[in-house]
1. Given a Förster radius of 22 Å and the C-beta distance between Ala243 and Glu66 as r, what FRET efficiency does 1/(1 + (r/R0)^6) yield to the nearest 0.05?
2. Report the gain in length on full extension from Ile233 to Lys50: 0.36 nm times residue separation, minus Cα-Cα distance, nm rounded to one decimal.
3. Treat each spin label as a single point 7 Å out from the Cα along the C-beta direction, and report the Arg199 to Ile109 distance in nm.
4. Points 7 angstrom from Cα along the Cβ direction at Arg120 and Asp164: gap in nanometres?
5. If you line up the Cα atoms of region 21-62 on their principal axes, what length do they span on each, largest first, in Å?
6. With a cut-off of 8 Å between alpha carbons and a minimum separation of six or more residues, what is the relative contact order of region 2-255 in percent?
7. Based on a Kirkwood Rh over C-alpha pairs, give the Stokes-Einstein translational diffusion coefficient of region 2-255 at 37 °C and viscosity 0.692 mPa s in µm²/s.
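All of the numbers you see were taken from the coordinates with simple rules; none came from a lab. Quick caveat: nothing in here was measured; it's all calculated off a predicted structure. Cβ: placed from backbone, ideal geometry, glycine included. Neighbour counts: every protein chain shown.
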Amino acid sequence: MVRIILSFFIVSVALNARAEVLFEGYSKILANGNPVGYIISKYEFDAKSKKFISIYFLKTSGKGMEVTESLKAIADAKLGPISYNYTTIVGKEVKTIDAKFTGLKMTAIVKDGKKSVTVRKDLPKDTFLSTFLVYVMLNSKEGLKTESNYGYKAIAEEDAEVYDGQANVGKEEAYKGLKAFKVQNKFKGIPFVSYVNDRGEVLGTNSITQGVTTELVADPATATKGFPMSETILKNIFSEVPAGRQNMMSKNASVAPSNPGKREGIPQGTGIQIKGDAPTSPAGK
């Protein structure tokens, strides 16, 4: 059923011939329960070019160390990889990856500091970019439903390598006032849980082994308060400063009774580097 909804959405957007935002939101990152940063994620489908676009920006800081990470990934209408640009800055160390795909062949230029390496790989059939995991699940034969199991091969954008992954969908349950499937994931050998609604929105993730969680929030300030945020950088990455309202968490909050209570300051945490969800996954990772 969810797969039918996604297919209908793509057709209807194509008829309107314009780019449509599938999801846009801000998530806070917590390490062992303490806020340490935020992620801004956006997914679009461009009807004119028939391409999916994933963009995210991640920032963590604490104890004198900042981590900045960004990704822009493009896939075709069947979610096959076309290209991606990835950047991470840890302290003063910069790493970039520019990858392009032709069929099942990948060419990636990896720059790490002053070193530049060109990576060429033949990809297994049906390999996709890991940031699009949830949309691949939505568009599968089974769609996104309870007791569905998905084995897959995906490219980890941060190292231009292909890894095996597994996603097992559990029952729908309540998460932060919304219904969501509890999905048990394993990617790059790391197990984690994600909470995904029937629209493919990742409401939260939990990596128990790393002690890191993410939580989608209703408004940008809840995620970014106490952490650096440059409007100039965001405009360069997203073409604008994302409002973060294109998600059910924000829409649910806009109709719920307001009771903000006392606002507390956000303590600084230790600088960490995790994948954005997409989907860490990333949404689905």
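1. Efficiency computed from Cβ-Cβ geometry: 0.35.
2. Full-extension gain reported as 63.2 nm.
3. Between Arg199 and Ile109, the label points sit 3.8 nm apart.
4. About 2.8 nm, to one decimal.
5. Taking max minus min along each principal axis of the Cα atoms, region 21-62 gives 43, 14, 11 Å.
6. 18
7. Translational diffusion coefficient: 174 µm²/s.
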